[in-house]
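Here's the structure, in structure tokens; my notes come after.
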Amino acid sequence: MYWSTIALLLLAATPSIGVVRFHCSQLVVQRLDPLVNPGSIPSSHVHQIVGGNAFNATMALDKDLPAESTCTSCQFTEDFSNYWTAVLYFRARNGTYKRVPQLGNNQFEKANGGLTIYYMQDAIYDQQQKSKVKAFQPGFRMFIGNVSARTLTDAARYRQLTYVCMDTWTMRAPETMAFPTRKCKEGIMTSLRFPTCWDGKNLDSPDHMSHMSYPESGTFESGGPCPASHPVRVGQVMFEVVWDTKKFNDLEWPEDGSSPWVWSFGDGTGYATHGDYVFGWKDDSLQRILDASCWFNTNCINESKSKVQSVEKMNECTQKPVVDEDIDSWLDELPGGFQVDHGHL
Ligand SMILES: *[C@@H]1O[C@H](CO)[C@@H](O)[C@H](O)[C@H]1NC(C)=O
Ligand SMILES: *[C@@H]1O[C@H](CO)[C@@H](O)[C@H](O)[C@H]1NC(C)=O
Ligand SMILES: *[C@@H]1O[C@H](CO)[C@@H](O)[C@H](O)[C@H]1NC(C)=O
Ligand SMILES: *[C@@H]1O[C@H](CO)[C@@H](O)[C@H](O)[C@H]1NC(C)=O
């Protein structure tokens, strides 16, 4: 629903708005996860990663991403953060799996896969964006979602980790919490919204989540207050990932009407969608953007004196996988040895 509101607001954009939306092309696709499986080469399941090329199996809190990166796959050239998600596979009737590639998002069609990032001060449809928010600090990281979730109840603990079955390229609703079960003409979009209340002290926590919280009542969108335990309201980070499911529409789908989609760690329900974020903006570059009048980048770049690069340049920043394995053929099992788990149907 919010997307149609945005379309209307875009027509009437005023210069007092602070939503920034930009794309990051694919840096690498492989089994590494410095947050959940630090130091493991390989990690448990396949991820698609974007951002600065200092991404590595181990990323200590004091790792200086801007200093150690020589390029970023993101549009803002001072953003050496890393953003990642699991990857999607299609399961054929014969039981084999094929990786679903990603597409550049709306307005970033030439991007090589990757994902789109938003930072917002208030609800995406709030034209004022009046709240002042402080940028994250070096070393900050967070995770959202539950790899073990297989039911709606498990998934409902996390607000707004959703799917859109896109019949058109710009369709953004309705959103579901499980995988779409019908054929989507243009692809599937997954969206991940991170929590917006920080404890103000910890850059990380053992589950990579408990230093963050949702508002105590209401929602980020309704301006709900942060709990006393997590008093610092931060901007909302949101990912959008477009999965190119079109070419699988012509294949045979499961006879029982279930979804053929499966996350790289075996979730066949969709409820275990999750995302990872490691902050790595150089100096005050994110704060300048959050303080500027951004409306999907119009004005923002000039006002914040941000440096940006072309999609071609974004596409040039890639990493060679350090894990040498086949993730792209028709596979008998998902890399790491997973089979599809449909939960309790
Ligand atoms: C990743 O870490 C290894 C081991 O510390 C190091 O040899 C390598 O250069 C690092 N790669 C990047 C891209 O930082
Ligand atoms: C399994 O099905 C897929 C999709 O139809 C096909 O491309 C692949 O060759 C099949 N694999 C085997 C071993 O039959
Ligand atoms: C994740 O889901 C599993 C399976 O239902 C559940 O046992 C576990 O408590 C959940 N973890 C969190 C942090 O919600
Ligand atoms: C930003 O600055 C450039 C160069 O000065 C100018 O061409 C462009 O129109 C400006 N864009 C906006 C949205 O103000």
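The values are calculated or read from the model by the stated rules, or taken from the named source; none is laboratory data. In this text, all values refer to a predicted model and were calculated from it rather than measured experimentally. When we count neighbours, we look across all protein chains shown, and the Cβ atoms used for this are built from the backbone with ideal geometry, even at glycine. Just so you know, the surface numbers come from the protein's heavy atoms only, side chains and all, with ligands and any DNA or RNA stripped out. Shrake-Rupley method; radii C 1.70, N 1.55, O 1.52, S 1.80 Å.
For segment 174-202, filtering for residues that are on the phi > 0 side of the Ramachandran plot and open to solvent by less than 30 Å² (accessible area, probe 1.4 Å) leaves 1. Candidates in segment 135-155 are the residues that are outside any loop (DSSP other than H, G, I, E, B) and open to solvent by less than 60 Å² (accessible area, probe 1.4 Å); of these, the one that is nearest to ligand 3 (Cβ to nearest atom) is ASP154. Residue pairs whose Cβ atoms lie under 9 Å apart, sitting 6 or more positions apart in sequence or on different chains, and linking a residue in segment 293-315 that is within 16 Å of GLY52 (Cα to Cα) and more than 16 Å from ligand 2 (Cβ to nearest atom) to a partner that is outside any helix (DSSP H, G or I) and at pLDDT below 90, are VAL308/ASN297. Which one is surrounded by the fewest Cβ atoms within 10 Å (Cβ to Cβ) among residues in segment 159-173 that are within 20 Å of LYS246 (Cβ to Cβ) and among the charged types (D, E, K, R)? Selected residue: ASP167.
Restricted to segment 51-91, and to residues that are in contact with a helix residue (DSSP H, G or I) (Cβ under 9 Å, 6 or more places away or on another chain) and part of a strand (DSSP E or B), which residue is surrounded by the fewest Cβ atoms within 10 Å (Cβ to Cβ)? Step by step, filter segment 51-91, then rank; the result is PHE90. Screening PHE248 on (1) farther than 25 Å from VAL340 by Cα; (2) within 16 Å of ligand 2 (Cβ to nearest atom) shows it passes everything except condition (1).
Residues in segment 290-308 that are within 16 Å of ligand 4 (Cβ to nearest atom), open to solvent by 40 Å² or more (accessible area, probe 1.4 Å) and not β-branched (Val, Ile, Thr): ASN299, ASN302, GLU303, LYS305, LYS307. Taking residues in segment 210-230 that are within 16 Å of ARG193 (Cα to Cα), and partners anywhere that are aliphatic (A, V, I, L, M) and surrounded by 14 or more Cβ atoms within 10 Å (Cβ to Cβ), the pairs with Cβ atoms closer than 6 Å and at least 6 places apart or on different chains are MET212/MET142; GLU221/ALA123. For segment 34-55, a tally of residues being touching a Leu at 6+ places or on another chain (Cβ under 6 Å), of a type in the set (A, V, I, L, M) and more than 18 Å from ASP324 (Cα to Cα) returns 2.
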